[in-house]
1. Determine the pairs where a residue that is within 16 Å of GLU57 (Cβ to Cβ), located within region 72-92, has a partner that is among the polar types (S, T, N, Q) and surrounded by 10 or more Cβ atoms within 10 Å (Cβ to Cβ) with Cβ atoms under 6 Å apart, the partner being 6 or more residues away or on another chain.
2. So, in region 37-60, of the ones that are polar (S, T, N, Q) and exposed (fewer than 10 other Cβ atoms within 10 Å of the Cβ), which residue ends up modelled with the highest pLDDT?
Amino acid sequence: MAEKSLEEEIKIGAQKARKLARYMSSTEDLVESQIQKAMQRGDFDNLEGAGKPINLEENPFEPPEMRMAFKILKDNDFAPYWIELGKEIDAD
């Protein structure tokens, strides 16, 4: 009896996975279609910064008032406490 319910759970899980895969595929198709239409309209032409490298040093989620402090830490090979703690945890 337990095996039968396990088999049923597996079948239900597989059905859900197939439905999710179809949904994801259709969503990706929709997004790709919208991107292609925008490209045809020229929506991506002449964007600010086009042809220039992306500045990966800036963190858009960093509070502006903390940027200088974080830069000083980084320039001196230090990291905020929570980063150092995370490194210690990962090392264990």
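1. As it stands, the answer is none, since no pair meets every condition given.
2. GLN40
The values are calculated or read from the model by the stated rules, or taken from the named source; none is laboratory data. Because the structure is predicted, anything quoted here is derived from the model rather than measured. Note that each Cβ is placed from the backbone with ideal geometry, even for glycine, and that neighbours are counted across all protein chains shown.
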